[in-house]
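Each reported figure results from applying straightforward, stated rules to the coordinates on display, with no laboratory input. Every value quoted in this text rests on a predicted model; they were computed, and no experiment measured them. When we count neighbours, we look across all protein chains shown, and the Cβ atoms used for this are built from the backbone with ideal geometry, even at glycine.
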Amino acid sequence: MKIIVIIAFILILFSLAKALLHLIKHKNDADSEKTMKALMIRSIISVLLFALLFLAVATGMIKPHGVGVQMHKQTILPSSQQTQ
């Protein structure tokens, strides 16, 4: 799973760099179309990566850890201690 995420991030960065290259040289309308295509590919890869991570968390393939999980771990006090 880590390898898939790393590859997706590399593809996103590559597509972003390609769009920047076409944006900088921008000599004709073809370069403009290439910029849009590269940015569209980056967006698609980003959405697919988000969906993959969402499914991986939902199915239990990966378990979140860190600050967010710590906030949701609340100890439930017995009912006699809650009224005090």
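Note on residue 58 and residue 7: the model spin-label points, each 7 Å out from Cα along the C-beta direction, lie 2.2 nm apart. Its residue count N sets the reference 2.2 N^0.38 Å, and the alpha-carbon radius of gyration of segment 2-64 equals 1.41 times that reference. Bridgeable aspartates and glutamates around residue 63 (alpha carbons under 15 Å apart, same-chain partners fewer than 8 residues away excluded) are absent. Ignoring aspartates and glutamates fewer than eight residues from residue 2 along the same chain, none have Cα atoms less than 13 angstrom from its Cα. Using 0.36 nm per residue and subtracting the Cα-Cα separation, the extra length available between residue 30 and residue 44 on full extension is 2.9 nm.
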